[in-house]
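Since every read-out is calculated from the coordinates, none of them should be taken as a lab result. Just so it is clear, the model here is predicted, and its values are computed rather than measured. A quick note on method: Cβ atoms are made from the backbone with ideal geometry, for glycine too, and the neighbour counts reach across all protein chains shown.
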Amino acid sequence: MKILMMGPPGAGKGSQSAKVVDHYDLPSISTGQMFRDAYKNGDPIGIEAMKYIKKGELVSDDITNEIVRLRLSKNDAENSFLLDGFPRTVAQAAALDGMLTKMGTKLDAVFNILSSNDVLFERMEQRRVCRSCDTTYHLKFKIPKECGVCDKCGGELYQRPDDTLESVKRRLEIYETKTRPLLDYYDKKGILYHINGMQPFDNVYNDIELVIRDL
């Protein structure tokens, strides 16, 4: 099973992806997480990527395509995976098609999680992430037991640099101009499924699972 999770920033695709990955034991391929990990490790590709991310910009295609290509070449991604955060442009989608063709496979489903801009702004402005284990919290909907401290590992919670108001506005602008055209791209392939992301978390997941069961 090979799945792509799409949606505007803050729609909840990362949280839904994590649950799908856990339930179905799928390899997770999240470009955002890979870039953040590379940055923490002092890897040049992560340092370069973070220059774009901090400004709310898309990381260049050559860097993004290469990190995905390397990840897809690993044995655990041969038969199944979930993509989160890639592709984000039609050019990247074409590059992904080329990678999958070389692997002799293709995507089974693309989920597009829908949400209003007002909700997206609130979710991202109040989102906090653990520096140690990357667990995500929300200051209104998923509040940590101790302010600024991760329930899971005790790590420090922080606001990602791309979750500030100006960065969020820029990310949504980029989504509308560069990423939204991907919906037509995958709709024409007959593998696009729209999911109402305004529902409670479990309801969103249940809608995703109904599609997965029929794949």
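A few comments on the model shown:
- Sites T136 and T164 - FRET efficiency at Förster radius 22 Å, r taken between beta-carbons, to 0.05: 0.85
- Annotation: amide H of I113 within the under-5 Å range of M6, G7, I195, sequence separation 5 or more or interchain, hydrogens built in the peptide plane.
- Amide H contacts of H138 (H built 1.01 Å from N, in plane; Pro and chain starts excluded): R128, I143 sit under 5 Å, all sequence-distant by 5 or more or on other chains.
- Computed from the C-beta positions of D62 and L114 and an R0 of 22 Å, the FRET efficiency is 0.10 to the nearest 0.05.
- Listed residue pairs exceeding 21 Å between alpha carbons, taken from K54/K152; K2/K169; K106/K188; K145/K169; K54/K142; K19/K54: K54/K152; K2/K169; K145/K169; K54/K142; K19/K54
- If the segment from K178 to K40 were pulled out straight at 0.36 nm per residue, it would be longer than the present Cα-Cα gap by 46.9 nm.
- Entry note, the chain: the mean residue ellipticity at 222 nm calculated from DSSP H runs of n ≥ 4, each adding -39500 (n - 2.57), is -13500 deg cm²/dmol after division by the residues and rounding to the nearest 500.
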